[in-house]
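The values are calculated or read from the model by the stated rules, or taken from the named source; none is laboratory data. Keep in mind that this is a model prediction, so the values were computed, not measured. Protein only, heavy atoms only, side chains kept; ligands, DNA and RNA dropped before computing areas. Shrake-Rupley method; radii C 1.70, N 1.55, O 1.52, S 1.80 Å.
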Amino acid sequence: MIEYNTDEWRKARLGWLTASRVADATARTKTGYGASRSNLMAALICERLTDVPMENFTNAAMQWGIGHEADAIAAYEWHFDATVKPMGFVRHPSIEYAGATPDGAVGDDGLIECKCPNSATHIETVLSKQIDARYLKQMHFQMACTGRKFVDFVSFDPRMPPELQLWSFRVMRDDKVIEELEREARLFLAELDEMVQKLRQLGREEV
């Protein structure tokens with residue numbers, strides 16, 4: 001198992017399409033693909049050409065989320081009398097350069113995906129009982145990579161009263177959604193491969 005957020009983990013993901021970025025790779029507007037797709041592709045091209053991870057911007061809110069992920073898992077385990085086991089980086093079974101790092105495994109069939117957002121976002125989630133479409137894509141791609149049947153989505157905010165700190169919803173596997181994500185992922189990665197080859201050829205011609 002390749003442990004999350006280690007040097008080995010970062011190296012293993014160089015130039016890969018991961019579940020956390022699959023929403024960017026498949027983003028569409030009324031006129032075509034969104035800018036986030038081009039930006040992601042450029043970042044992954046740079047990683048493949050240089051073998052150096054692109055620096056990811058991390059603000060205070062993101063640091064808060066990372067710092068409280070373990071608390072969210074502990075709260076989930078206590079509330080549902082469950083055990084979450086670490087998984088590490090999982091490669092997609094049939095798509096090269098695609099993978100996922102779930103937050104943990106739940107039993108034999110499930111995963112967990114924890115978000116520790118700002119209080120405004122957590123409150124909106126609790127009231128609306130809606131999950132951001134980007135996270136739904138992330139979770140379905142995690143299921144595509146792992147073969148699991150469900151993901152328990154968790155929104156956690158320790159700043160709220162105890163009875164409102166945790167909100168969870170089980171997202172069941174939808175093979176039609178996964179099939180479409182895999183189709184888009186293959187198109188994205190094929191385009192990326194083609195651009196990498198062209199740039200490498202140009203580099204050789206310049207020497």
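Structure above, values below:
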| read-out | value |
| --- | --- |
| Dimensions in Å of the stretch 10-124 - Rg and Dmax from alpha carbons | 16.4, 47 |
| Accessible-area ranking of Arg170, Arg21, Arg13, largest first, probe 1.4 Å | Arg170, Arg21, Arg13 |
| Carbon + sulfur, % of accessible area of the chain - ligands and nucleic acids excluded, 1.4 Å | 53 |
| The chain shape via C-alpha gyration tensor axes, a/c threshold 1.5 | prolate |
| Accessible area (Å², 1.4 Å probe, nearest 10) - Tyr135 | 80 |
| Accessible area in the full protein assembly, largest first, 1.4 Å probe, for Arg159, Arg200, Arg148 | Arg159, Arg200, Arg148 |
| Cα principal axis extents for the stretch 142-191, largest first, Å | 48, 23, 15 |
| Between 0 and 90°, nearest 10: helix 35-50 axis offset from the chain longest Cα axis | 60 |
| For Val52, solvent-accessible area (1.4 Å; no DNA, RNA or ligand), Å² | 80 |
| Residue pairs, from the table Lys11/Lys149; Lys115/Lys149; Lys129/Lys149; Lys85/Lys176; Lys149/Lys176; Lys85/Lys149, whose Cα atoms sit over 23 Å apart | Lys11/Lys149; Lys85/Lys176 |
| Whole-number D in µm² s⁻¹ for the stretch 68-159, Kirkwood Cα-pair radius fed into Stokes-Einstein, 10 °C, 1.306 mPa s | 115 |
| At 1.002 mPa s and 20 °C, Stokes D of the stretch 115-207 from Kirkwood alpha-carbon radius, µm² per second | 134 |
| Heavy-atom surface of the chain, accessible at 1.4 Å and reported per residue (Å²) | 58 |
| Phi to ³J(HN,Hα) by Karplus 6.51 cos²θ - 1.76 cosθ + 1.60 over the stretch 135-148, Hz, x for Gly, Pro | 6, 4, 5, 4, 5, 5, 6, 4, 5, 4, 6, 9, x, 6 |
| For the chain: relative contact order, % (alpha-carbon pairs under 8 angstrom, 6 or more apart) | 22 |
